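Engineer: Handing you a structure now.
The values are calculated or read from the model by the stated rules, or taken from the named source; none is laboratory data. Here the structure is a predicted model, which means the values were calculated and not measured. So basically every Cβ, Gly included, is an ideal-geometry build from the backbone, and we count neighbours across all protein chains shown.
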Amino acid sequence: MKGTLYFLMLTLLTSMACGPSLAEIKGWEEQKDISQLILALQKEDREVYRARIVAALGEIKDKKVVRALLAALNDPEPDVRKEAVEGLGKLKDPKTMEPLISMLKDESAMVREKTVEVLGQMGGSSVLDPLMELLKNKEEKNNIKLAVVITLQKIGDTRAASFLLDLLEEEHDPAIRKNIAQALGKLGDARSIPSLEKLLETDPDQNVRQEAKNSIERIKER
């Protein structure tokens, strides 16, 4: 009897020391219990659970969670930082734009890629220069460069056209060249046509040539 009681007490204490369960976190999210989620986040040592709590805070979409999400941008674990970036993106609070832009320099490629995506969703001319700066980095991963090109296309600021034309001259990855060609067509700057015509005539990749042709037609139809 004593052994059983000891085991039950030990199990209870261990459970308490480990923090909330995923079911409890989900319940707080559904109840929009922001204070309980923030309290749990401050005490939580487990990376997976911190990430889940931060994700729950982002889903609530209440400005009361902004401070906690901003703090989570400095978490040592990239999964937590990624969830914080995504949560701030859902809030679309202009005051968080500067901290989000700073995450383009995060050491984790996963976090940088999510930041590019979120900045594209938030839009605005203030994100244009930081995104183009990221593209200039020749050491950057191709999947992130591709995400930036797609995001610039979504933002639709014609100032990106001249930058993308310069990038086109030195880009080796056909998937990126294809998306640059597509972006130039959607941006609609007639000054892009000579470069797109050159791409149509000389690019070794059929998909790139086809996209160049499509973009030339799109621009001329405007």
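Engineer: Exactly one of these conditions fails for LYS154: (1) surrounded by fewer than 17 Cβ atoms within 10 Å (Cβ to Cβ); (2) at pLDDT below 90; (3) over 14 Å from ALA183 (Cα atoms). Give me its number.
Structural biologist: The number of the failed condition is (3).
Engineer: Are any of the residues in region 169-185 over 29 Å from the mean Cα position of the chain (by Cα) and either surrounded by fewer than 16 Cβ atoms within 10 Å (Cβ to Cβ) or in contact (Cβ under 8 Å) with a residue 60 or more places away in the chain (or both)?
Structural biologist: no
Engineer: VAL65 fails exactly one of the following numbered conditions: (1) under 29 Å from VAL149 (Cβ atoms); (2) buried (at least 17 other Cβ atoms within 10 Å of the Cβ); (3) among the aliphatic types (A, V, I, L, M). What is the number of that condition?
Structural biologist: (1)
Residues checked against (1) in contact (Cβ under 8 Å) with a residue 24 or more places away in the chain; (2) touching a Pro at 6+ places or on another chain (Cβ under 8 Å); (3) of a type in the set (Lys, Arg); (4) farther than 25 Å from LEU146 by Cβ:
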| position | (1), (2), (3), (4) |
| --- | --- |
| LYS26 | yes, no, yes, yes |
| GLU30 | no, no, no, yes |
| GLN36 | no, no, no, yes |
| MET103 | yes, no, no, no |
| PRO130 | yes, no, no, no |
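Engineer: Across region 122-147, what is the total count of residues that are among the polar types (S, T, N, Q) and either within 19 Å of PRO78 (Cα to Cα) or within 9 Å of the chain's Cα centre (by Cα) (or both)?
Structural biologist: Number of matching residues: 1.
Engineer: Have a look at ARG112, ARG81, ARG50, ARG46 and point out the one that is surrounded by fewer than 18 Cβ atoms within 10 Å (Cβ to Cβ) and closer than 27 Å to ILE25 by Cα.
Structural biologist: None of the other options fit; the residue is ARG46.
Engineer: Can you find a residue that is surrounded by 14 or more Cβ atoms within 10 Å (Cβ to Cβ), among the hydroxyl-bearing types (Ser, Thr, Tyr) and part of a helix (DSSP H, G or I) anywhere in region 120-133?
Structural biologist: Within region 120-133, none of the residues are surrounded by 14 or more Cβ atoms within 10 Å (Cβ to Cβ), among the hydroxyl-bearing types (Ser, Thr, Tyr) and part of a helix (DSSP H, G or I).
Each row is one residue, and each column tells you yes or no for (1) assigned to a helix (DSSP H, G or I); (2) within 20 Å of the chain's Cα centre (by Cα); (3) among the aliphatic types (A, V, I, L, M).
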{"residue": "TRP28", "(1), (2), (3)": "yes, no, no"}
{"residue": "SER35", "(1), (2), (3)": "yes, no, no"}
{"residue": "LEU39", "(1), (2), (3)": "yes, no, yes"}
{"residue": "GLN42", "(1), (2), (3)": "yes, no, no"}
{"residue": "TYR49", "(1), (2), (3)": "yes, no, no"}
{"residue": "VAL54", "(1), (2), (3)": "yes, yes, yes"}
{"residue": "VAL65", "(1), (2), (3)": "yes, yes, yes"}
{"residue": "LYS82", "(1), (2), (3)": "yes, yes, no"}
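Engineer: Follow-up question, since we're still on this one. Given the criteria among the polar types (S, T, N, Q) and modelled with pLDDT of 95 or more, does GLN210 qualify?
Structural biologist: For GLN210, the condition - among the polar types (S, T, N, Q) and modelled with pLDDT of 95 or more - is met.
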